[in-house]
Amino acid sequence: MTPTLDREAVIDAPNPLGLAGIEFVEYTTPRPQALGQVLEQMGFRPVARHRSREVTRYRQGDMNVIVNAHGLPPGTDEAPQLAALCLRVRDAAAAWRRVVGLGAWPVPVNVQPMELHIPGIHGVGSSRIFFVDRWNEAPKTAPAPSAPQGGAPALEAARRAGDFCIYDVDFIPIPTVDPEVPATEGLHWFGVVQYVGVGRIADWCEFYGALFGFAALPDEQRFGILPAGRVLRSPCGSFYLQLIEPPPDVDDAGSEQLQRLAFGAADVPAAVRALRARGVEFVDAAALHPDARGALTQALFGGVRFELVHHVQG
């Protein structure tokens with residue numbers, strides 16, 4: 001992920017939402033098992049399933065990926081789509097009110113009885129941006145409260161005590177799986193790559209800057225091995241967004257979407273070796289190959305790719 005920005009960086013940008021990183025990303029696909037195999041190759045492990053929907057939570061270190069196959073219409077393209085980005089914030093309700101007040105489009109929420117309400121807004125394309133303010137796992141000294149056994153009073157008591165996370169409400173842990181999944185070579189969130197239409201980078205910079213407090217990086221600050229695009233730094237400094245326009249000779253102005261995930265690694269060559277041992281193949285050509293700065297996976301199921309970027313987690 002490499003910026004080619006020609007405007008001055010914003011120094012000490014405010015953090016109006018109390019943003020504190022990425023809680024989860026969500027893929028939709030009618031073939032969740034196939035995508036799950038890809039995620040397991042990348043070091044993730046399924047740790048919980050939704051109580052009433054065809055939705056699975058995958059985890060690795062501090063990263064969560066949700067695979068959603070629920071309610072997709074017949075004929076849906078089997079290629080996985082990055083459908084949602086969930087952000088950790090100081091106060092989810094206040095964050096939602098603020099961004100909607102600034103012009104963001106709210107997402108109608110269709111929750112079933114005993115399901116958690118997660119406020120959200122429309123993002124790029126058909127994607128969603130959600131907000132959560134409860135992201136810590138429940139203490140290991142006591143089992144996490146569950147809706148069927150504990151009922152609403154137990155969940156409400158847990159909320160008041162502050163000892164629940166969002167997954168305790170809607171998900172059931174897979175009994176045979178350890179929920180603590182070590183990160184492969186310390187992989188962690190680095191950012192998300194977004195494709196934008198021709199001439200639309202300035203619009204999206206304004207969107208992320210005005211609503212969330214993202215700031216553009218200076219031209220000389222570079223990451224990874226892919227030099228295209230403009231990079232925005234989150235106000236909490238824990239992740240980045242890379243905005244990429246189509247090449248000038250490509251008529252693809254309408255294709256705006258979240259395109260791929262980027263993982264940070266303190267030692268990219270070590271991470272590449274570990275992932276290759278798990279069956280992951282990387283692009284290795286004269287113009288683009290793994291090195292100490294970063295790496296890009298070959299296209300996996302449905303064209304899914306992941307990027308590795310040299311980054312030491314703070």
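Among the residues of the stretch 95-107, are any of a type outside the set (Val, Ile, Thr) and at pLDDT below 95? No, the stretch 95-107 has no match at all.
If you scan the stretch 52-88, which residues turn out to be of a type in the set (Ser, Thr, Tyr) and closer than 23 Å to Arg278 by Cβ? Those that are of a type in the set (Ser, Thr, Tyr) and closer than 23 Å to Arg278 by Cβ: Thr56, Tyr58. A single member of Arg7, Arg49 is surrounded by fewer than 21 Cβ atoms within 10 Å (Cβ to Cβ), modelled with pLDDT of 95 or more and farther than 20 Å from Gly279 by Cβ, and it is Arg49. Here Phe239 meets each of (1) under 20 Å from Gly21 (Cβ atoms); (2) modelled with pLDDT of 95 or more; (3) over 16 Å from the mean Cα position of the chain (by Cα) with one exception, condition (3).
Per the listing Val65, Val38, the residue uniquely buried (at least 19 other Cβ atoms within 10 Å of the Cβ), modelled with pLDDT of 95 or more and within 28 Å of Phe207 (Cβ to Cβ) is Val65.
The values are calculated or read from the model by the stated rules, or taken from the named source; none is laboratory data. Note that this is a predicted model, so its numbers are computed, not measured. All Cβ positions, even for glycine, are placed from backbone atoms using ideal geometry, and neighbour counts span all protein chains on display.
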